[in-house]
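Chemist: Handing you this structure, nothing more for now.
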Amino acid sequence: MTACGRRAGTRRRGRGGGFTLVELVAVLVIVAVLAAAVAPSLRATDGVRGAMAAKQLLRDLTFARQRAVATGARSWVVFDTGAETWTMLAEDPDNPGRAGARVLTDPSDGGFYIETLGSGSFIGMSIVSASFDGASEVGFDWLGRPLNATESDLSAQGTVMLSGGHLVTVAAETGYMAYVSP
């Protein structure tokens, strides 16, 4: 024991019992390193969501085209950039024309065939633009040819741009569709 009655090497407890500056700096350094390691993977998640949304759109456009060929009735995909949705429609064979088209039933869940971005798996995603000869809808005839809003053949490549630069294109004459990643 020392003259004051304490063992050598022990520290006297103060009132606060807080942390030293060295301990605080060490914790901050560890937190900074972990944040630097996690940040790129969070950014990569946005890219994955964008690719998922674009591929879902590509599948839905392909489904609309294949349905038109299989049934002989025109199918439509209508985009609403304000609501961040696209809706699948089908014309009534007994009453042809875009005006009489009705929302398709989604075979996977029995509900309406409407895809919404900005929530669920597609949180943070949005439709930046959709342009098919100046309109925001595209149809497909019984031969799989793409149509514009006036029910005429699409005259130029149609595009849908999703947030993050994810682009889906529809070729004018053939209806060939592609996803172009950013």
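Chemist: Taking only C-alpha pairs under 8 Å that are 6+ residues apart, what is the relative contact order of the range 48-180 in percent?
Modeler: Relative contact order here is 25 percent.
Chemist: What angle, in degrees between 0 and 90 and rounded to the nearest 10, separates the Cα long axis of helix 21-71 from the longest principal axis of the Cα atoms of the chain?
Modeler: 10
Chemist: Here is a further query. Describe numerically, in nm with one decimal, the distance between label points set 7 Å from Cα along Cα→Cβ at residue 108 and at residue 179.
Modeler: 1.2
Chemist: Now for a separate question. In Å, what Kirkwood hydrodynamic radius results for the chain from the alpha-carbon pair distances?
Modeler: Over the chain, the inverse of the mean reciprocal pair distance is 19.8 Å.
Chemist: While we're here: Where Lys and Arg each count +1 and Asp and Glu each count -1, what net charge lies around residue 65 among other residues with Cβ under 12 Å from its Cβ? Spell out each step's value before the answer.
Modeler: On the way: positive: 59, 67, 74, 145; negative: 60, 141.
The answer is +2.
No lab work stands behind these numbers, since they all come straight from the coordinates. What you are looking at is a predicted structure, and each value in this text was computed from that prediction instead of being measured. So basically every Cβ, Gly included, is an ideal-geometry build from the backbone, and we count neighbours across all protein chains shown.
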